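See structure below.
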Amino acid sequence: MILAVVLLSGCGTSSTTAQASPSPAALSCTSSGVASASWPAPWTRDGSVPPVVSATAAQDTFKLTFDTGTPNFELTPQTSARFSADSGQGQPIDVAGSAGVRIVLRGFRGDMDNYVGPASFNSQGRLLLQVKSLGGYEGQVSWGAGLSGPGCASVKATGSTLTFAFIPLP
């Protein structure tokens, strides 16, 4: 009976530690996500303030912060670091790397600038090398992430921030 208590205690401790500080191996690929309950419908925005407040890249993460909540998103890994502009014309946009992940955010107004910050970010990550804005068109905003090899992203939504943690594919 004492042995069972010790084993159960050991399992509980391990689980708590894993939740408090997950290792990169614990991350899994995210393909899409729904908007948070606080994300406003596009037609309710007055158009005076861009909804994407900031964008930053550091190491193997890319963070987007919004004015209120988080939008729908979709991620598509690809075998090259060449993307098509999200402008209706599809001009090619190259980013550093040999592979990439396209990030598409939906639920924006199509008649305004939804982001007005820097359009390109270099990163010193093991996997993430560069992120570039691919523009916006018909209510969506897109980004291209250039990777040093095949990868995907695990996405965490916290408040009004989406954090994309890029992880290698086997």
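Given the conditions (1) open to solvent by less than 60 Å² (accessible area, probe 1.4 Å); (2) in a strand (DSSP E or B), report the number of the one that LYS63 does not fulfil.
Checking LYS63 against (1) open to solvent by less than 60 Å² (accessible area, probe 1.4 Å); (2) in a strand (DSSP E or B), the one that fails is (1).
Counting only residues that are farther than 17 Å from CYS152 by Cβ and among the small types (Gly, Ala, Ser), which one in segment 40-60 is least open to solvent (accessible area, probe 1.4 Å)?
Once the filter is applied, the top-ranked residue is ALA55.
Kindly indicate whether any position in segment 72-80 is open to solvent by 40 Å² or more (accessible area, probe 1.4 Å) and touching a Cys at 6+ places or on another chain (Cβ under 7 Å).
Within segment 72-80, one or more residues are open to solvent by 40 Å² or more (accessible area, probe 1.4 Å) and touching a Cys at 6+ places or on another chain (Cβ under 7 Å).
From the list ALA37, ALA25, pick out the single residue that is modelled with pLDDT of 95 or more and surrounded by fewer than 10 Cβ atoms within 10 Å (Cβ to Cβ).
ALA37
Just give me the residues in segment 81-94 being out of contact with any Phe, Trp or Tyr (no Cβ under 7 Å at 6 or more places or on another chain) and either in a strand (DSSP E or B) or open to solvent by less than 30 Å² (accessible area, probe 1.4 Å) (or both), in sequence order.
Answer for segment 81-94, where residues must be out of contact with any Phe, Trp or Tyr (no Cβ under 7 Å at 6 or more places or on another chain) and either in a strand (DSSP E or B) or open to solvent by less than 30 Å² (accessible area, probe 1.4 Å) (or both): ALA81, ARG82, PHE83, SER84, ALA85, PRO92, ASP94.
Identify the residue in segment 100-114 that is farther than 23 Å from PRO77 by Cα and open to solvent by less than 40 Å² (accessible area, probe 1.4 Å) and, among all such residues, is modelled with the highest pLDDT.
Result: ASN114.
Restricting to segment 123-147, name every residue that is farther than 16 Å from PHE83 by Cβ and surrounded by fewer than 20 Cβ atoms within 10 Å (Cβ to Cβ).
Matches in segment 123-147: GLN124, GLY125, ARG126, GLU138, GLY139.
What are the pairs, 6+ residues apart or on separate chains, where a residue within segment 76-88 that is more than 11 Å from GLY151 (Cα to Cα) and among the hydroxyl-bearing types (Ser, Thr, Tyr) has its Cβ under 6 Å from a residue that is open to solvent by 50 Å² or more (accessible area, probe 1.4 Å) and modelled with pLDDT under 95?
Once the first residue is more than 11 Å from GLY151 (Cα to Cα) and among the hydroxyl-bearing types (Ser, Thr, Tyr) and sits in segment 76-88, its partners that are open to solvent by 50 Å² or more (accessible area, probe 1.4 Å) and modelled with pLDDT under 95 give SER87/TYR137.
The values are calculated or read from the model by the stated rules, or taken from the named source; none is laboratory data. Remember, it's a predicted structure, so these values are computed and weren't measured experimentally. Cβ: placed from backbone, ideal geometry, glycine included. Neighbour counts: every protein chain shown. With ligands, DNA and RNA removed, areas are computed over all heavy atoms of the protein, side chains included. Shrake-Rupley method; radii C 1.70, N 1.55, O 1.52, S 1.80 Å.
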